[in-house]
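The values are calculated or read from the model by the stated rules, or taken from the named source; none is laboratory data. Predicted model only: the values in this text are computed from it and were never measured. Cβ coordinates were reconstructed from backbone atoms using ideal geometry, including for glycine residues, and neighbour counts include every protein chain displayed.
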Amino acid sequence: MTTPLPPWPPRRTDRRTAAPYAAVPREPADPARSGRRWVRRRARGMTAEAAAAALDVARFDARQNSRFEDSALDERGPAELGEWERIARLLADACPGTVYDPDTDDVVRAELAADADADAAAAAREAELREAMRIAARADELQALRELGALEQAEPREGDEAVREELTRRAGGYVQADVDTWLARALATHRGHYQDPAAREEAAAGRLTPPVLAHAALLTELLRLAPGADVEELVFAARLAAAEPKATGDLAAALTRARPDR
């Protein structure tokens, strides 16, 4: 007895599955706001008589809808009716022949201003969150380099002053001497972000602490006096700046004034 051959081509029994859909979170819709905006679009160009007629229709619809059980959950219907009533009163109190224009409606303009303020506040919060995440990620990166003993190989970036504060916060407020030394040396030798004169001015304007600035200023003058010196040979500058930042700054200023070219 022969075994029958399978059909050719073989039938496909597997089903192609769709790729998983990742829903993007959105701000919840506001039915009441949507209803008011719809009324304003419909009412544009209406006179007082036309708005009154539209209000009668809206009231009739509201009475009809009130018979349904789910009417209590309806937010848009009452909002539309209330907006028709407001616009009808607005036109009734206006000069004869006035037509409705949402662009000149004080209520609409106030809502738009409030929306703009809310959007600006939300954008500011989002920017703060992104900046906090960036600082945290950069702090993790620098911490990993510290543990590998390779911090000096890193190039300073814009915003590393805030990262220094984050590392200090993580350490319970204790001064991070190696990070301060790294930043001071970079500032003195114009490495990384500090190649830009504007960045150096911002650092001097208060983004870095006085000990770090004094350390950088003294290193700058010492390296000028000994161009071939290695910063590793000038570790005493960090200890001096940490102990007496003002005296260190005064010493750096005195060395600057003593330059032959000044």
Checked pairs for region 219-233, first without any contact (Cβ under 8 Å) to a residue 40 or more places away in the chain, second basic (K, R), C-beta under 7 Å and 6 or more apart or across chains, list as L219/R185
Options D250, D178, D160: the member that is farther than 26 Å from L129 by Cβ and either touching a residue at least 60 places away in the same chain (Cβ under 8 Å) or under 36 Å from the mean Cα position of the chain (by Cα) (or both): D178
Determine whether region 222-245 contains at least one residue that is buried (at least 16 other Cβ atoms within 10 Å of the Cβ), basic (K, R), in a helix (DSSP H, G or I) and in the same structural domain as R164 (by TED's automatic domain parsing). no
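Given the structure, is R146 assigned to a helix (DSSP H, G or I), over 28 Å from the mean Cα position of the chain (by Cα), in the same structural domain as Q64 (by TED's automatic domain parsing) and not β-branched (V, I, T)? Before the answer, list the steps.
On the way: assigned to a helix (DSSP H, G or I): yes; over 28 Å from the mean Cα position of the chain (by Cα): yes; in the same structural domain as Q64 (by TED's automatic domain parsing): no; not β-branched (V, I, T): yes.
Against the criterion (assigned to a helix (DSSP H, G or I), over 28 Å from the mean Cα position of the chain (by Cα), in the same structural domain as Q64 (by TED's automatic domain parsing) and not β-branched (V, I, T)), R146 does not qualify.
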Looking at A58, is it over 24 Å from the mean Cα position of the chain (by Cα) and among the hydrophobic types (A, V, I, L, M, F, W, C)? yes
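Among the candidates G45, G82, single out the residue that is out of contact with any Pro (no Cβ under 6 Å at 6 or more places or on another chain), of a type outside the set (K, R) and closer than 17 Å to A32 by Cα. Walk me through it before giving the result.
Details: G45 fails: closer than 17 Å to A32 by Cα.
Only one candidate qualifies: G82.
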Tell me yes or no: at least one residue of region 77-88 is more than 24 Å from R44 (Cβ to Cβ) and of a type in the set (A, V, I, L, M, F, W, C). no
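Restricted to region 194-215, and to residues that are of a type in the set (A, V, I, L, M) and within 11 Å of P245 (Cα to Cα), which residue is surrounded by the most Cβ atoms within 10 Å (Cβ to Cβ)?
In the first step, residues of region 194-215 are kept if they are of a type in the set (A, V, I, L, M); the result is 198-199, 203-205, 208, 212-214.
Cutting the leftovers down to within 11 Å of P245 (Cα to Cα) gives us 212-214.
Details: V212: 25, L213: 23, A214: 27.
Here the residue is A214.
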State whether the residues of region 114-130 include one that is within 30 Å of R185 (Cβ to Cβ) and at pLDDT 95 or above. yes
Suppose the filter is within 24 Å of G249 (Cα to Cα) and either among the aromatic types (F, W, Y) or over 30 Å from the mean Cα position of the chain (by Cα) (or both); does A188 pass it? yes
